[in-house]
Amino acid sequence: MLKELLKNPRALIFAVLVHVALIAILVVSIQWNAKPAKLQGSGDIVQATVIDEAKLQAEKERKRAEEEAKRKAELEKKRAAERRKREAEEAAQKKKQQEAERRRQEKLKAKKEAEERQRVAEQKRLAEQEAKRKIAEEKRKAEEAKRKAEEARRKAEEQRKAEEARRQRENEELLKQQMAQEEADRAAQQRQRELASLQSQYVAVLQQRVTRNWLRPPTARAGMVCTVHVRLIPGGEVVEARVVRSSGDPAFDRSAETAVLKSSPLPAPPDPALFQREFDFVFKPEG
């Protein structure tokens, strides 16, 4: 019992206080009982009786106090045991909760680590995929640039060849044109020479024809010349003969006009290109 009281200080203090109170009550009771005057002949008996009753009462009180203290100590012990049990259960529950929380944190940590590993692996996969894509893209761009360069080179070569062919064609065409122009010029010159020759011949024929129809005026002198503007209609018929450059002798000029009119129709030129509706005829009867 002492061990139980030592384990519970409150119960021990309470028990000591109870005993001190019982002793104090006992002492007071003894003193109070001793104050009345002693009766003759019965003093010892009464005193002994009172003392025995007081002792008995004190003993009862002591026992009651001890029982009360014991009861309270047992109750306190029971409460302490229940409290320890409750505390142990709470500690066990807390430990269980802590263990569950620890396991939950470990699982959460493991999950986070797994997610992190997965995230890192996914990032690595994406990085590798991106690197492969970039390599493929760079390769594609290089091939595209090479293709474009080849296409540009091919087009440039085709353009160069086309330009050379065009220049060659132009040169050939220019050469042909030059040759044709030279040929045309030669032909034209030849034609001009022919026409000039024919014109000279035609003018000589006209000169002879008009001279045959000319009547020499008395005032005419050797070497006289005048220019007659002649206008024809198709067929060579003369519709007008007018002196535009006089010889200085009106009679000579009129004789020239008359000779041209009398020569109508004039002979056709040897080449149709020499035919003119109007022309100036230099009349020199004495060439």
On a 0 to 90 degree scale, rounded to 10, what angle separates helix 9-34 from the longest Cα axis of the chain?
-> 30
For Val243, residues with placed amide H under 5 Å, excluding near neighbours = His229
May I ask you to derive the FRET efficiency for Ala110 and Arg84 from their Cβ-Cβ distance with R0 = 35 Å, giving the value to the nearest 0.05?
-> 0.40
Please tell me the relative contact order of the chain in percent, rounded to the nearest whole number, where contacts are Cα pairs under 8 Å and at least six residues apart.
-> 13
Scalar couplings 3J(HN,Hα) for the range 82-95 by Karplus 6.51 cos²θ - 1.76 cosθ + 1.60 (θ = phi - 60°), nearest whole Hz, x for Gly and Pro, are 5, 5, 5, 4, 5, 5, 5, 4, 5, 5, 5, 5, 4, 4
Going from the fewest other Cβ atoms within 10 Å to the most, one would list Thr219, Thr211 as Thr219, Thr211
Given only helices, namely DSSP H runs of n ≥ 4 each adding -39500 (n - 2.57), what is the per-residue ellipticity at 222 nm of the chain, to the nearest 500 deg cm²/dmol?
-> -28000 deg cm²/dmol
Taking the structure as given and computing Cα extents along the principal axes in Å, which label from [x] 244, 44, 29; [y] 80, 53, 42; [z] 87, 43, 39 fits?
-> [x]
In order through the range 179-196: 3J(HN,Hα) via Karplus (6.51 cos²θ - 1.76 cosθ + 1.60), integer Hz, x for Gly, Pro = 5, 5, 5, 4, 5, 5, 4, 4, 5, 5, 4, 4, 5, 5, 4, 4, 5, 4
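Below 13 angstrom from the Cβ of Lys262, what's the summed charge of the other residues (Lys, Arg +1; Asp, Glu -1)?
Its environment carries a net charge of +1.
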Taking a straight Cα-to-Cα line shorter than 25 Å from Lys72, and setting aside same-chain lysines fewer than 8 residues away, one finds Lys3, Lys7, Lys55, Lys60, Lys63, Lys85
Lys, Arg +1 and Asp, Glu -1 on Cβ, resulting dipole of the chain about Cα centre, debye, nearest 20 | 2660
Round to the nearest 10 and give me the degree value, 0 to 90, for the angle of helix 250-262's Cα axis relative to the longest principal axis of the chain.
-> 80
Measuring from centroid to centroid over Cα atoms, what is the spacing of the range 245-287 and the range 171-204 in Å?
-> 29
Taking K and R as +1 and D and E as -1, what net charge do the other residues with C-beta under 13 Å from the C-beta of Lys111 add up to?
-> +3
Determine the sum of side-chain charges near Ser200: Lys and Arg each +1, Asp and Glu each -1, restricted to other residues whose C-beta is under 13 angstrom from that of Ser200.
-> -1
With an 8 Å cut-off on Cα pairs and a minimum separation of 6 or more residues, tell me the relative contact order of the range 213-283 in percent.
-> 41
Residue by residue through the range 127-132, which ³J(HN,Hα) values in whole Hz follow from phi under the Karplus form 6.51 cos²θ - 1.76 cosθ + 1.60 (θ = phi - 60°), with glycine and proline marked x?
-> 5, 5, 5, 5, 5, 4
Expressed in whole Å with the largest first, what are the equivalent ellipsoid semi-axes of the range 106-189 derived from the C-alpha gyration tensor as the square root of 5 times each eigenvalue?
-> 77, 7, 4
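Here, each number is a calculation from the coordinates, and none is a lab measurement. As the structure is a prediction and not an experimental result, all values here were calculated from the model. Cβ: placed from backbone, ideal geometry, glycine included. Neighbour counts: every protein chain shown.
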